1. Please express the Cα-Cα pair-distance distribution P(r) of the chain as a list of whole percents, one per 20 Å bin, running from 0 to the bin with the greatest distance.
2. Let a ≥ b ≥ c be the square roots of the eigenvalues of the Cα gyration tensor of the range 282-394; is it rounded (a/c under 1.5), or, if not, prolate (a/b larger than b/c) or oblate?
3. Nothing charged except the Cβ atoms of Lys and Arg (+1) and of Asp and Glu (-1): what's the magnitude of the dipole of the range 213-253 about its Cα centre? Round to the nearest 20 debye.
4. Multiply the residue separation of HIS181 and SER49 by 0.36 nm, subtract the distance between their alpha-carbon atoms, and state the gained length in nm to one decimal.
5. Which aspartates and glutamates have a Cα less than 14 Å from the Cα of LYS184, not counting those fewer than 8 places away in the same chain?
6. Using only Cα atoms, tell me the angle between helix 237-246 and the longest principal axis of the chain; keep it within 0 to 90° and round to the nearest 10.
7. Relative to the present Cα-Cα distance, how much length would full extension add between GLU122 and GLU31 at 0.36 nm per residue of separation?
8. Rounded, prolate or oblate: which one fits the range 232-282, using the alpha carbon gyration tensor with axes a ≥ b ≥ c (rounded when a/c is under 1.5, else prolate when a/b beats b/c, else oblate)?
Amino acid sequence: MQNTRRSEPGNPCGQKWASRLLCECAEAIAEKDTNKIHHLLWMLNELSSPYGDIDQKLASYFLKALFSKATQYGEQCYKNLLSIAAEKKGSFESTKKMILKFQEVSPWTTFGHVASNGAILEALEGETKLHIIDISNTFCTQWPTLLEALATRNDETPQLKLTVVVTQSMERSVLMKEISHRMKKFARLMGVPFEFNVVSGLTHLCELTKEDLMVEEDEALAINCIGALRRVNVEERGAVFRMLHGLNPRVVTVVEEEADFSSTRDDFMKCFEECLRFYNLYFEMLDESFGCTSNERLMLEKECSSTIVNVLACNDEMSSCEESEIRERSSQWCNRLKEWFSAVGFSDDVVDDTKSLLKRYRAGWSLGLSQGDCPGLFLMWKEEPVVWASAWKP
């Protein structure tokens, strides 16, 4: 029997065939309709492929999560996916190629780099001894531009200490050594006195302490958080902000993707619909940005698999040795951040730089300004906010 459930605005259910079948399957799981679950899982398995069109790809990645949810196999599946991903991690060159190609065809990551770098440079202007604490998943790709900006300042070129914080799930010792070597080489080329440090050995970001970061009293400090705070357990995010506040930074930049997998966690259907909405946008963006046979695109899509399983099929209490990724919307982040920080508006120069960046990419991208009580900038894909950038001070 055809499902007659109506779709609300922004609800992906009732759209293309993959979304319709996936939503029907999710509803069957919520209703514990065993016969319907088996039938829909079989249909999705027959129609899905990680190498097909957007519908086939969505069906493939969400099928794994729905099967894991239905069989209560979620946590084991999640750990298996992480283990497979760890085994398949390539060389520095292959990782760099994927990141740089993504930045070439889409502003998804470069948007946050430009906004954050602009806020950091303005907050540290005129200082001679700078320290940036980088808590992010960018593999330092945002810093060459900042080093170049420091090298071309009119006054004395400052000293820069960059401290990169990596947790167990992000850590690759060989990769970080290669990044360190290349960053130091580029800093020498730019004529910027440079020190590169790595804080590693952490299982979770909430284990990070003030002592780990070795901040000196005469340093002008900036803290850069791009795509990493979602790895902190929701209940521990306030404690992380309290620790960062205690460092007394000049500025804290926060960039996160615009999706809510937190408040919807206790309502499976709402969480499923939000997850499908977000990844539908993401996969559509990848499809229109990359060629259909792009290996880099396939790598980016496969990276989504474990997160989808984690969000939809894992219990709230994950193993203490694993990090999950629970995204929140800008309004939720703002409520947490405002307990410890005040918002810093982006200057007209930073806004102009961000607009100039978007002009380099295909049509469909636009810039959204702060909405209501939530300050910052929004990267918009076809009028939907997908990434939020903000700047804060104690």
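Only the coordinates and a few stated rules stand behind these numbers; no lab work does. Please read these numbers as outputs of a predicted model, since none were measured by experiment. Cβ placement follows ideal geometry from the backbone for every residue including glycine, while neighbour counts extend to all protein chains displayed.
1. 26, 58, 14, 1
2. Since a/c reaches 1.5 but b/c is at least a/b, the shape of the range 282-394 is classed as oblate.
3. 340
4. Result: 43.6 nm gained on full extension.
5. Straight-line reach from LYS184, under 14 Å: GLU148, GLU195.
6. Relative to the chain, helix 237-246 is tipped by roughly 0 degrees.
7. 27.4 nm
8. The shape class here is oblate.
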